[in-house]
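Notes to accompany the following structure.
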Amino acid sequence: MTKRQVALLAATAVAIIYGLTFSIAKDVMPLTVKPFGFIVLRVAGSTLLFWLFSPWVAPSPLLRSDIPKIIVLSVFGIALNMLTFFKGLSYTTPIMAAVLMVTTPLMVFALSAVLQKERLKLRKLLGILMGLCGTCLLILYGKEAGGGPLAGLGNLLVFVNALSYAFYLIKVKELMTRYHPFHLIKWIYTFGLIMVLPFGWLDLQEVAWATIDFSIGWKIGFVVVCSTFLTYLLNLYSMRVLKPATVAVFIYLQPVFATSIAIAQGKDQLNALKIGATLFIFASVYLVTMSRKSKAESLKPKV
């Protein structure tokens, strides 16, 4: 098997893992572990793994002058990003959450236009507006889409998650040239753990650990190890072998896998509103990204 074939399998595995995460995390939250407590488990476990494996990666000493920037990245890439995602996912459905995550590329372009003074062509501006329309449909009519009474709030939180992560993607590129990505992520998670701990500490104390059986335990382990640490390693390998534009294509497989898995397990269902909002968002992503392949490496979303 060639390196390219392995890289394609790695990128596919990432999309499948992310698709599984939406349904698996719903099995844990909020009955077994509340969302913020689950975040602490995820960030703490991943931080531990990054530190354990860091001796096998070339050292990359942290400059004191970069600490404030890393703290900002931890806020938007870990704390705000994950807290809003898991809280939102506990309110909404796997399909709606997966579709909303695809708005991350739109937010990258929109924030780039604002923060970096990039000019937007009419087609791209139209694409962003279409994506926002699809997002608003899910937020305003979440209950009608079969997501329950708090689905609208859940969808709004997932959208805030996408917006937060888009900001993180723009800012993290400034430090990627000075540090090995593995060590940079290690420090971002370390500071992020300090930030999320106050939010989830009480939730962790409420967990009835003695009653957690294997069927729930492996799902917690899956989110901690596979959805965070393993996907990072697989993404890193695929990005080194494949062209960024090729890797970016796999973004759009995530809602497909998430939808298929959720429907197969009876945890969600499609209806006209979800399909309409999905078409709006996918069409908008196409309009925004079709001529900007050089930006494709910035479009990779995270659960």
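Identify, please: which residue in the stretch 13-40 is under 20 Å from the mean Cα position of the chain (by Cα) and open to solvent by 40 Å² or more (accessible area, probe 1.4 Å) and is, among those, farthest from TRP201 (Cα to Cα)?
Here the residue is ILE16.
Read through the list (1) in contact (Cβ under 8 Å) with a residue 12 or more places away in the chain; (2) under 27 Å from MET29 (Cα atoms), then give the number of the only condition that TRP209 fails.
(1)
For residues in the stretch 161-177 being open to solvent by 50 Å² or more (accessible area, probe 1.4 Å) and of a type outside the set (S, T, N, Q), which is modelled with the highest pLDDT?
Of everything passing the filter in the stretch 161-177, LEU163 is modelled with the highest pLDDT.
Step by step: first the residues of the stretch 41-70, then only those that are of a type in the set (Val, Ile, Thr) and crowded, with 16+ Cβ neighbours inside 10 Å, then the one that is nearest to PHE86 (Cα to Cα). Which residue is that?
VAL43
Please state which one of VAL6, VAL28, VAL57 is in contact (Cβ under 8 Å) with a residue 12 or more places away in the chain and out of contact with any helix residue (DSSP H, G or I) (no Cβ under 6 Å at 6 or more places or on another chain).
The match here is VAL6.
Among the residues of the stretch 197-206, are any at pLDDT 80 or above and not in a helix (DSSP H, G or I)?
Looking for residues that are at pLDDT 80 or above and not in a helix (DSSP H, G or I), one finds at least one in the stretch 197-206, hence yes.
Please enumerate the residues belonging to the stretch 132-153 that are modelled with pLDDT under 75 and not in a helix (DSSP H, G or I).
Selection gives TYR141, GLY142, GLY148, PRO149.
The values are calculated or read from the model by the stated rules, or taken from the named source; none is laboratory data. These figures come from a predicted structure and were not determined experimentally. FYI the Cβ positions are ideal-geometry reconstructions off the backbone, even for glycines, and counts take in every protein chain you see. Please note that ligands, DNA and RNA were not included when accessible areas were found on the heavy atoms of the full protein model with its side chains. Shrake-Rupley method; radii C 1.70, N 1.55, O 1.52, S 1.80 Å.
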